[in-house]
Each structure stands twice: as C-alpha cells, then as structure tokens.
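J.: Dumping the structure here so I can ask a few things about it.
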Amino acid sequence: MDSSSVITFLIVLLVSYGGWRTKNLSFSGALSALLLGCIIGYFYHWKGLLLVGAFFLSSSIWSKLFSSSKEEIEGRLAKTSVRDWQQVLANGGPAALFIILFHVTGSEWWLYSFAAAIAASNSDTWASEIGPLSRKDPFSLRSFKRVEKGTSGAVSMIGTIAALTGSTFISLLFCILIDSFQWKLFILISAAGFLGNVLDTVAGAYLQVEFTCPVCKSSTEAAVHCGTDTVRSKGFLWLNNEGVNFLSSFLAGTALLFFIPG
C-alpha cells in the first residue's frame, strides 16, 4: 500500500468517525461510509472524495438545520437524521459501482454516471430535508391531494426548487473539478440528477411500501408504529425508502448512457 492510499484511508476513517461522533451516522452507517469512501478514494482519489464529501456535508447541514420543525415527521415515519448502513449504501452504492466501472473500462461516461448518481442522491436529500419547511402541505402524485409533510411521493414548490438546486450544486462542483468546464456536460449531469429525484418521487408514490397505523391512522414507512403492527396500504413489501433511493440514483447514472454519441 503506497503513501497516497494510506492518506486516503486515514481521511475517510477520520470523516466516518466524525460522522459517527456527531450522530450524523450510526455505527453501521460509519462502517459503510468507510467502505464506500475507500472505494471511491482509491479509484478517483481526492476529487471523488471531495464530491462525495460535498454531498455528505451539505446533507448533514440541512438535516440539522430546523431539525425541531421536523421532529413530528421523523416520529411519524420512523426516520431520523442519523443515517444507518442501508441509507449510506442506498445513496453511495451506485456511485461506487460507477467509479469502479470507470476504472475498469477507462470510459469517461462512467465517470459522468458517477457524478450523476451523486447529483441524484443530493437532489433527493435536499428535497427531503428542505421540502418539509414549506408552510403548505405537499401534493401527492398518487391522489393529487394535499398530504402530510414527509410523505413519500409528494411534492411541494420549495422541495422541487431544492431538488434542482441540489443536483446543480453537485454538477457544478464536478465540472470545476475536471478542469474543463463544459456547459453541455453541466446541464446533462444536472438534468440527470434531477431526473433521479423525479423517479424517486414517482416510485415513492406508486411502488414504495407504505403502511397505515391502526392507532393514530397516520401513513408510515415503519412496520410497527405506536407499539402496534401496521397494515400495508400500498406498494411492494421488498421496496422500502432505501431501495427507492438506490434505484433512482442508479437510474440517474445509467440515463447518461443514452446520450453517448454514435
């Protein structure tokens, strides 16, 4: 192992440990972040780590800001700002896969897919964290009615703007890092990242599993709520929020392949 690899490992280890100590990551989440960080750092060095770091840091900041106003949502949906291994792999797994394919094939399109996958994860996370701050309840794409904040498959104006901004942020940073800013590539990655968020929302509305609590009558993503087993109201049992996140990030990256010349 050369010195650069050792430095990469130590940096990823420090960041993962910091995420655990600051309660942005659970212990399992920190281990998963360490694994994915080492993969991305080994195959794309500091640029890859910086891009992933920008996603993790910005998402953590938005998660902590105005957290008191989102406590009700976390309690109802059994979600917290502490990310476990499933959430880490759902958001970072596709990016790690694409960067490995870039290393194996040498094709820059896989590198662009890597950026698009992170852009999609950032887009979805910013929408999820900022959207609930809207004064009005969001609209469900399934019922076209206003639903409780935090409901999967629901959209709001502020959440949509946050999603587009989150995708654009990662795309802009990536285009700066490659030392050759190209407007076409910037727009392409931004669009692919935002598309990933759109796919996430649609899948959340129609395919993601959702339960109803027989006690408080709320919709939830938890199998147990208010100390009682919940009843499935829609979606596939095997497709939870993490599965939808993984799928949308992966599809955002592969969507770029349709734009390959020839």
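The values are calculated or read from the model by the stated rules, or taken from the named source; none is laboratory data. Please read all numbers here as calculations on a predicted model, not as lab measurements. FYI the Cβ positions are ideal-geometry reconstructions off the backbone, even for glycines, and counts take in every protein chain you see. Surface areas here come from the heavy atoms of the whole protein model, side chains and all, with no ligands, DNA or RNA. Shrake-Rupley method; radii C 1.70, N 1.55, O 1.52, S 1.80 Å.
J.: Rounded if a/c is under 1.5, else prolate if a/b is larger than b/c, else oblate: which is region 149-203, with a ≥ b ≥ c the root eigenvalues of its Cα gyration tensor?
T.: It is prolate, given that a/c is not under 1.5 and a/b is the larger ratio.
J.: To the nearest 20 debye, what charge dipole does the chain have about its Cα centre, counting +1 at the Cβ of each Lys and Arg and -1 at the Cβ of each Asp and Glu?
T.: My answer is approximately 600 debye.
J.: Can you tell me the alpha carbon radius of gyration of region 123-183 divided by the globular rule-of-thumb value 2.2 N^0.38 Å?
T.: 1.38
J.: Separate question: Only one of the listed values, (1) 174; (2) 132; (3) 116, was derived from the coordinates as volume of the Cα convex hull per residue in Å³; which label is it?
T.: (2)
J.: Which value, in debye to the nearest 20, describes the size of the charge dipole of region 119-262 about its Cα centre when Lys and Arg Cβ atoms bear +1, Asp and Glu Cβ atoms bear -1, and nothing else is charged?
T.: Roughly 500 debye for region 119-262.
J.: Of the candidates S128, S233, S156, which one comes out as most mobile in a Gaussian network treatment of the chain with C-alpha springs shorter than 10 Å?
T.: The residue with the greatest mean-square fluctuation here is S233.
J.: For L256, tell me the accessible area in Å² from a 1.4 Å probe, rounded to the nearest 10.
T.: The value for L256 is about 0 Å².
J.: So, one more: Go from 0 up to the bin containing the longest alpha carbon distance in region 158-239, width 10 Å each, and give me the % of pairs per bin.
T.: Taking every Cα pair in region 158-239, the percentages come to 18, 29, 22, 18, 11, 2.
J.: May I pose another question? Would you rank V155, V12, V215 by solvent-accessible area, highest first, keeping every protein chain in place and using a 1.4 Å probe?
T.: V215, V155, V12
J.: Within the chain, how many Lys pairs that are eight or more residues apart, or on different chains, come under 24 Å at the alpha-carbon?
T.: 26
J.: Would you mind working out the magnitude of the charge dipole of region 179-262 relative to its Cα centre, with +1 at each Lys and Arg C-beta and -1 at each Asp and Glu C-beta, to the nearest 20 Debye?
T.: Computed about the Cα centre, the dipole is about 200 debye.
J.: Could you check the spin-label model distance between Y17 and K145? Points 7 Å from the Cα along Cα→Cβ, value in nm.
T.: Rounded to a tenth, the inter-label distance reads 5.2 nm.
J.: Related question: For S4 and I161 in one chain, what is 0.36 nm times their gap in residues minus the Cα-Cα distance, to one decimal in nm?
T.: Roughly 52.6 nm would be gained on extension.
J.: Counting other Cβ atoms within 10 Å, which chymotrypsin sites (Phe, Trp or Tyr not before Pro) in region 186-240 have at most 15 and lie in a DSSP loop?
T.: W238
J.: In the chain, once you exclude exposed trypsin sites (Lys or Arg not before Pro) (DSSP loop, at most 10 other Cβ within 10 angstrom), what's the longest stretch remaining?
T.: Formally, the longest exposed-site-free interval is 1-134.
J.: Please give the helix 108-130 orientation as an angle from the longest Cα principal axis of the chain, in degrees from 0 to 90, rounded to the nearest 10.
T.: 30
J.: Grab the Cα-Cα distance for C216 and F181, subtract it from 0.36 nm times how many residues apart they are, and report the gain in nm with one decimal.
T.: Length gained, C216 through F181: 7.4 nm.
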